[in-house]
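First up is the structure itself, then whatever we jot down about it.
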Amino acid sequence: MSFFEDFFVPHSMDDEGEFMPLLSMDEEEELSNSESFPDKMPILALKNTVLFPGIVIPITVGRDKSIKAIYKAYEESRSIAVVSQKDSNVENPKPEDLYSVGTIARILKLLKMPDGTATAILQGRRRFQLDQLLSIEPYMEGKISLIEEVAAEDNLEYEALISSIKDMAKQIIQLSPNIPSEAVVMLKNISNNSFLVNFIASNLGIKVASKQVILEINNQKEKAEAILEHMDNELQLLELKDQIESKVRGDIEKQQRDYFLNQQLKTIQEELGQSPQEEEIQRMIDRSKTKKWSKDVQQAFQKEINKIRRMNPQVAEYSVLLNYLDLMLELPWNVYTKDSFNLKKVKQVLDKDHFGLEEVKERILEHLAVLKLKGDMKAPILCLVGPPGVGKTSLGKSIARALKRKSIRMSLGGVHDESEIRGHRKTYIGAMPGRIIQSIKKAQSSNPVFILDEIDKVGKDFRGDPSSALLEVLDPEQNTNFHDNYLELEYDLSKVLFIATANSLNTIQPALLDRMEIIDISGYSQEEKVEIAKQHLIPKQRKEHGLEAKHIRLKPEVIATIAQEYTRESGVRSLNRRIAAIMRNIAKKVAMEESYNITLNANDVRTILGPPRFNAELYKEQHAPGVAVGLAWTRVGGDILFIETSLSKGKGRLTLTGNLGDVMKESATTALSYLKANSESLGLDPKTFEEFDIHIHVPEGAIPKDGPSAGITMLSALASAFNKKSVKPYVAMTGEITLRGKVLPVGGIKEKILAAKRAGMREIILCKDNQKNVEQINPNYIEGLTFHYVTQMQEVLDIAVGF
């Protein structure tokens, strides 16, 4: 609170704090230096103020010691020694908590309040030095000695100081809106210089410690100089405040006021030779001259530049517009990296980074060949579909490296908001461009390889459908004029090579699926996994674990053991983790200088990785009648599926368990109906179907299962149960069935065959129409497998059960 406001504006006080300093009743009367006081007096500690001689203040006394002290003083001499506390938070002050210089006060009035406190009106009389605190209980009492004032030696200089104090006080009163103008008249009526100094010191808006310093000054001239210094600081603060308020004073409309202030600020900056906003705008204009943008973009940029020049830098929209212009300048308009047209070298890079995946590599080389011959072509939009861990994402990065293009990866898994793709309109607070434009800006190239990872896991909710927003991005006919809500300008994405990855096509929107070129990446065979481990995984893990080639050697048969006994996947992620576990174990032995076999064998691997997790012998053993081995496709690749059937006395009821879907249940019903209809030709007793209940179970009941491909497997299991003859060992099968006895083709053939090979199967029964899928598989990977291609369900029973 500023000077004099303490005097004229009432405010709340803490315990024993000041209320309103009041003027002495007789301000003309000079304080009597001849007045005597005892050398031992009760002590009253004040929290938030300092009492000066001649000043009258009301206080509220709340602490027990203070109440006892003031009552004792009032009864005896009506005088009490008042000192200030150094820390107002201390409730029971000790000698070190009190200042040593205080003021003897005359108790003019003492009132007992209903709440137990007391209100007293005190008048400061003489300053004193607290020589010793004699007692603390029941109240503080101390030994004091009076302090004499030292008169100013140069009376003329002292009068000048007093005159300056009065003039400055008038200026402060005029600049302070909370102090009434009558205060000037009051100051004129104070003729006693000593009282004037104390009065102004008491009302200064400074801390208690600063007031205490003034109280302790003995020389009147030095005290006046100290007060004048504080008043000068107060006056400067008020003048500055008045200048600021004068700028915003007046009843003008908001736009006019903003314009007026902006012009003032601009004038001041011009006078100082500074204009940071204009300098920044000029830098943007200079940068724009180097851009290769179209006429429309140039016009839009110039329009926004003109708008920001007219805008007040203090308004919120200024920073939004500044960020927008910065985005326009940061985007690589018509900036393209030069593709590598050395097709042989590109093929070498792709082959070096990834083993297999020939179809994808061939498609990239075809695109580059057309670009090389024609010079201009819209980039293809590829979608790599396959199980996890087969190298879809890393293949995208490898393609960018082979083409010598920038690479961008954008994960779409869990994206629910359409604005993530198209951006927000810049009218919203915190608006930003979509991730497509942000990624292009980060790449600083308009023809990067853009990997849209996990496109099958895009969400959809009340905030919009991001997959629908991707329709524009992934349509070669539309993405030449891609519109981002934040940028509000058309941006050409036709040169961007989009590569999407997915584990399944089932969850991708049909319209989006139609815009992409689907390339299936099936799982790896065991031979491919061994080669991938040799060429990529082992060198990588060896390097990451600080090992060299001399520290460890893994033979192909050992790698095959790891893949067969410790992994069950289409990709190589689990295999990579198992190799990493082996490397960690070897690294520990090298670091601890332990002896070990450098060339690991199968037993060494089992010692490090523990007991085998998967046992292929499970699928090879002779099973009881009613059990058949089927082939299934899952999101992680192909897998082996057991179909178990049991018969029990009953009425021909069919029970299906194992968390089966509707299609799979219908396959079981179809197989049973076929056996009933053809029981005589198959040599089965028709009464058996009425006298026995049938239970079909598919193990691993916690995993949902569905699809028609288990049809011939269920047929074989049922026929085996009714015929009481086991299904031929080492035989796996997959195919859909009909009531007419036909076997229909199914999908996922490569994954299923590789799963059968991993499990040690020797014979596979398939539909005749699936033969073309088998022929696409490298013959080396299916060596040792015998394929039976069938068209009729009877053929399946002849091969599997021997009807």
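The values are calculated or read from the model by the stated rules, or taken from the named source; none is laboratory data. Since the structure is predicted, the reported quantities are computational estimates derived from the model, not experimental observations. Note that each Cβ is placed from the backbone with ideal geometry, even for glycine, and that neighbours are counted across all protein chains shown. Just so you know, the surface numbers come from the protein's heavy atoms only, side chains and all, with ligands and any DNA or RNA stripped out. Shrake-Rupley method; radii C 1.70, N 1.55, O 1.52, S 1.80 Å.
I'd like to check something: does region 272-292 contain any residue that is in contact (Cβ under 8 Å) with a residue 24 or more places away in the chain, open to solvent by 30 Å² or more (accessible area, probe 1.4 Å) and within 22 Å of I436 (Cα to Cα)? Yes, there is a match, as at least one residue in region 272-292 is in contact (Cβ under 8 Å) with a residue 24 or more places away in the chain, open to solvent by 30 Å² or more (accessible area, probe 1.4 Å) and within 22 Å of I436 (Cα to Cα). Could you list, in sequence order, all residues of region 457-476 that are open to solvent by less than 50 Å² (accessible area, probe 1.4 Å) and either in contact with an Asp or Glu (Cβ under 6 Å, 6 or more places away or on another chain) or modelled with pLDDT of 85 or more (or both)? Selection gives G464, P466, A469. A residue that is in a strand (DSSP E or B), at pLDDT 80 or above and open to solvent by less than 30 Å² (accessible area, probe 1.4 Å) can be found somewhere in region 374-382. Against the list (1) under 23 Å from I436 (Cα atoms); (2) part of a loop (DSSP other than H, G, I, E, B); (3) β-branched (V, I, T), the condition V320 fails is (2). Applying a threshold of 6 Å to beta carbon distances and a minimum spacing of six or more residues, or different chains, the list of pairs starting in region 522-540 at a residue that is farther than 16 Å from T567 by Cβ and touching a residue at least 12 places away in the same chain (Cβ under 8 Å) and ending at one that is charged (D, E, K, R) and open to solvent by less than 20 Å² (accessible area, probe 1.4 Å) is empty.
Listed here are the residues, each with its yes/no results for (1) in contact with a helix residue (DSSP H, G or I) (Cβ under 6 Å, 6 or more places away or on another chain); (2) closer than 30 Å to Y486 by Cα; (3) at pLDDT below 85.
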{"site": "K266", "(1), (2), (3)": "no, no, yes"}
{"site": "L272", "(1), (2), (3)": "no, no, yes"}
{"site": "P276", "(1), (2), (3)": "no, yes, yes"}
{"site": "K292", "(1), (2), (3)": "no, yes, yes"}
{"site": "M311", "(1), (2), (3)": "yes, yes, yes"}
{"site": "V320", "(1), (2), (3)": "no, yes, yes"}
{"site": "L331", "(1), (2), (3)": "yes, yes, no"}
{"site": "N342", "(1), (2), (3)": "no, no, yes"}
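Of the residues making up region 220-238, none is surrounded by 17 or more Cβ atoms within 10 Å (Cβ to Cβ), at pLDDT below 85 and not in a helix (DSSP H, G or I). The residues in region 309-325 that are in contact with an Asp or Glu (Cβ under 8 Å, 6 or more places away or on another chain) and either of a type in the set (S, T, Y) or surrounded by 15 or more Cβ atoms within 10 Å (Cβ to Cβ) (or both) can be counted, and the count is 6. Counting the residues of region 749-786 that are surrounded by fewer than 22 Cβ atoms within 10 Å (Cβ to Cβ), in a loop (DSSP other than H, G, I, E, B) and in contact with a strand residue (DSSP E or B) (Cβ under 7 Å, 6 or more places away or on another chain) gives 2. When E477 is tested against (1) among the charged types (D, E, K, R); (2) over 27 Å from E317 (Cα atoms); (3) touching a residue at least 40 places away in the same chain (Cβ under 8 Å), exactly one condition is not met: (3).
Per-residue answers, yes or no, for (1) at pLDDT 80 or above; (2) open to solvent by less than 40 Å² (accessible area, probe 1.4 Å):
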| residue | (1), (2) |
| --- | --- |
| K392 | yes, yes |
| A400 | yes, yes |
| K404 | yes, no |
| R409 | yes, no |
| G414 | no, no |
| E418 | no, no |
| H424 | yes, no |
| I436 | yes, yes |
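Specify the residue that is nearest to E736 (Cα to Cα); the eligible residues are those in region 674-697 that are among the hydroxyl-bearing types (S, T, Y) and surrounded by 12 or more Cβ atoms within 10 Å (Cβ to Cβ).
It comes out as Y674.
Of all the residues that make up region 85-104, how many are within 53 Å of the chain's Cα centre (by Cα) and small (G, A, S)? So the count comes out to 1. Pairs linking a residue in region 350-376 that is within 16 Å of K392 (Cβ to Cβ) to a residue that is among the hydroxyl-bearing types (S, T, Y) and open to solvent by less than 90 Å² (accessible area, probe 1.4 Å), with Cβ atoms under 8 Å and 6 or more positions apart or on different chains, are L350/S398; D353/S394; D353/S398; H354/S394; H354/S398; G356/Y524.
Among the residues of region 113-167, those that are open to solvent by 30 Å² or more (accessible area, probe 1.4 Å) and among the basic types (K, R) comprise R125, K143, K166.
Counting only residues that are more than 17 Å from the chain's Cα centre (by Cα) and either without any contact (Cβ under 8 Å) to a residue 12 or more places away in the chain or more than 23 Å from E358 (Cα to Cα) (or both), how many does region 409-418 have? Explain how you work it out, then say what you get.
Taking region 409-418 as the starting set, the residues that turn out to be more than 17 Å from the chain's Cα centre (by Cα) are 409, 418.
Next, only the ones that are either without any contact (Cβ under 8 Å) to a residue 12 or more places away in the chain or more than 23 Å from E358 (Cα to Cα) (or both) stay: 418.
The number of residues fulfilling the criteria is 1.
Evaluating E222 against the criteria (1) under 22 Å from E153 (Cα atoms); (2) in contact (Cβ under 8 Å) with a residue 12 or more places away in the chain leaves one unmet condition, (2). Of the residues making up region 326-367, those that are open to solvent by less than 20 Å² (accessible area, probe 1.4 Å), farther than 29 Å from L537 by Cα and part of a helix (DSSP H, G or I) are L327, M328, L329, H367.
Out of all the residues in region 330-349, which are of a type outside the set (G, A, S), touching a residue at least 60 places away in the same chain (Cβ under 8 Å) and farther than 24 Å from M516 by Cβ? Passing the criteria: E330, L331, P332, W333, N334, V335, K338. How about region 490-541: which of its residues are touching a helix residue (DSSP H, G or I) at 6+ places or on another chain (Cβ under 6 Å), surrounded by fewer than 22 Cβ atoms within 10 Å (Cβ to Cβ) and of a type in the set (D, E, K, R)? The answer is E490, D492, E527.
Checked against the criterion of being among the aliphatic types (A, V, I, L, M), within 18 Å of K752 (Cβ to Cβ) and part of a loop (DSSP other than H, G, I, E, B), the candidates I712, I643, I703 yield just one match: I703.
A quick yes/no check of all residues on (1) part of a helix (DSSP H, G or I); (2) under 16 Å from L46 (Cα atoms); (3) β-branched (V, I, T); (4) in contact with a strand residue (DSSP E or B) (Cβ under 9 Å, 6 or more places away or on another chain):
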residue	(1), (2), (3), (4)
A105	no, yes, no, yes
L134	no, no, no, yes
Y139	no, yes, no, yes
L161	yes, no, no, no
M168	yes, no, no, no
